[in-house]
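What follows is a set of notes on a single structure, which appears directly below.
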Amino acid sequence: MNDTRLPELSPGDRSAVRALYRRALEGWNLRDGSAFAGPFAADGEVIGFDGTRHSGRSVMAAEPGRIFTDHATPEYVAKVRRVRALGPGVAQLDAVAGLVPDDAEDPDPALNAVQTVNAGAGWRITLLQNTPARYDLRPDLAQALTAELRGLTGRGPGPE
């Protein structure tokens with residue numbers, strides 16, 4: 001019988017993948033396109049909340065830069081749910097994220113997302129995928145996620 005279990009990541013590799021994700025979100029929160037794109041592989045990709053695909057680190061640095069210039073962008077709060085190996089030198093990070101507008105204390109529930117990051121290439125992000133976390137048929141899950149993300153802002157009450 002073949003063993004189909006995925007390999008384990010070392011604690012150092014797990015930490016490195018988490019740090020990549022944290023650096024990308026920090027770049028966004030700083031409204032700095034180059035800092036956002038920095039943790040990505042040269043040919044990495046982002047699939048945005050609206051489905052827009054940006055390919056290549058230079059494009060990822062330029063496009064958010066334009067967005068930051070033209071729009072007031074909310075700040076990310078996020079929680080990593082899992083980091084796992086997909087194969088030797090390849091990992092997947094699963095997280096939930098919310099966006100907190102400048103004039104708000106809480107994440108905007110309409111902007112909550114499930115994020116998946118694939119990393120490889122010497123621990124660089126190869127893909128960051130944003131999926132709206134609407135939970136259309138489960139409003140209880142949407143409310144629980146918003147409460148959980150609220151607890152990460154340090155601005156309002158956390159989960160009850």
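Secondary-structure-derived ellipticity at 222 nm for the chain, considering helices only, amounts to -10000 deg cm²/dmol, per-run term -39500 (n - 2.57) for DSSP H runs with n ≥ 4.
Basic side chains Lys and Arg get +1 at the Cβ, acidic Asp and Glu get -1 at the Cβ, and with that the dipole of the chain about its Cα centre reaches some 560 debye. Summarising the label geometry, the points placed 7 Å from Cα in the beta-carbon direction at S34 and R82 lie 3.8 nm from one another. Overall, the ratio between the Cα radius of gyration of the chain and 2.2 N^0.38 Å, rounded to two decimals, is 1.07. Sorting 55-63, 68-76, 106-114 by average packing, meaning the other beta carbons within 10 Å per residue, from highest down gives 106-114, 55-63, 68-76. Per atom type, the chain shows carbon and sulfur on 52% of its accessible surface, probed at 1.4 Å.
Averaged over its residues, the chain has an accessible area of 55 Å² per residue, based on protein heavy atoms and a 1.4 Å probe. If a spin label sat at a point 7 angstrom from the Cα of V90 along the line to its beta carbon, no backbone N atom of the range 24-60 would be nearer than 13 Å. Converting phi to 3J(HN,Hα) with the Karplus coefficients 6.51, -1.76 and 1.60 and the offset θ = phi - 60°, the range 110-124 yields 5, 10, 5, 9, 9, 10, 10, 10, 9, 9, x, 6, x, 6, 10 Hz in sequence order, with x at every glycine or proline.
The values are calculated or read from the model by the stated rules, or taken from the named source; none is laboratory data. Source: prediction; values computed, not measured. Counting neighbours? That spans all protein chains shown, and the Cβs are built from the backbone with ideal geometry, glycine included. What goes into the accessible areas is simple: the full protein's heavy atoms, side chains included, and nothing from ligands, DNA or RNA. Shrake-Rupley method; radii C 1.70, N 1.55, O 1.52, S 1.80 Å.
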